[in-house]
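To start, the structure itself, in structure tokens.
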Amino acid sequence: MTLARTLAALFLLVLAAHLSHASGQSPTKLSIAIQAGNKYSRKEMRVHRFLWTNWQRRRTATAEVTFFGIDAGNIYTVSLKRNAGAHWIVEEYMRHYQAVGPGSTDNKLVASGVALRRFRLRSGAFAVQLVTGDGKTVPLFD
């Protein structure tokens, strides 16, 4: 690729990012669907990276992960935000849904914490855990 084409492609990427931000689309929201049973899949690792990056930059962010099966699943929502005292907090909610029966349940608070902590998986990749106010770690999406 020539230098001119490279610069043109880079300009278009920057312009597209600027236009999507100006149009009200937030770069700090991520929503992904994953087939149930695929713990630490590539898609889930994308969510962990997204949360860790936004946590380090102290940016408000929301990640929604849907683990789906044939007729039921769980939707996890993790939010990074400031509380009323201007302290950063992490909250994880879970909602169950199913095709037959009562349908969907209300959001249930799974865990609330004061930080995220990275840990290394056997594969060498990193994932994040929620750190509670008393220092305990809680795995996300469990």
Item to complete: Scan region 96-103 and give yes if some residue there is touching a Lys or Arg at 6+ places or on another chain (Cβ under 7 Å), at negative phi and among the aliphatic types (A, V, I, L, M), otherwise no.
Response: no
Worksheet item: If residue 108 satisfies every condition in (1) within 15 Å of the chain's Cα centre (by Cα); (2) under 21 Å from residue 138 (Cα atoms) but one, which is the exception?
Response: (1)
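Of all residues in region 113-127 being touching a residue at least 60 places away in the same chain (Cβ under 8 Å) and surrounded by 15 or more Cβ atoms within 10 Å (Cβ to Cβ), which is farthest from residue 46 (Cα to Cα)? Break it down into steps so the answer makes sense when it comes.
Narrowing region 113-127 to residues touching a residue at least 60 places away in the same chain (Cβ under 8 Å): 115-116, 118, 121, 123, 125-127.
Among the residues that remain, those that are also surrounded by 15 or more Cβ atoms within 10 Å (Cβ to Cβ) are: 115-116, 127.
Details: 115: 19, 116: 15, 127: 9 Å.
Ranking the candidates gives 115 first.
Just to confirm my filter: which strands (runs of 3 or more DSSP E) fall fully inside region 73-121 and include at least 3 residues that are within 15 Å of residue 63 (Cβ to Cβ), of a type in the set (S, T, N, Q) and at pLDDT 95 or above?
none
Can you confirm whether residue 31 is at pLDDT 90 or above, among the small types (Gly, Ala, Ser) and farther than 15 Å from residue 128 by Cα?
Numbers: at pLDDT 90 or above: yes; among the small types (Gly, Ala, Ser): yes; farther than 15 Å from residue 128 by Cα: yes.
Yes: the conditions hold for residue 31.
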Worksheet item: So which pairs qualify, if the first residue must be in region 26-39 and over 14 Å from residue 78 (Cα atoms), the second must be surrounded by fewer than 13 Cβ atoms within 10 Å (Cβ to Cβ) and at pLDDT below 95, the Cβ gap must be under 7 Å, and the two must be at least 6 apart or on different chains?
Response: 27/21; 36/69
Item to complete: Among the residues of region 113-142, write down those that are closer than 20 Å to residue 54 by Cβ and touching a Gly at 6+ places or on another chain (Cβ under 8 Å).
Response: 113, 114, 130, 131, 132, 138
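The values are calculated or read from the model by the stated rules, or taken from the named source; none is laboratory data. Keep in mind the model is a prediction, meaning the values are calculated, not measured. Reconstructed Cβ throughout: ideal geometry from the backbone, glycine too, with neighbour counts over all protein chains shown.
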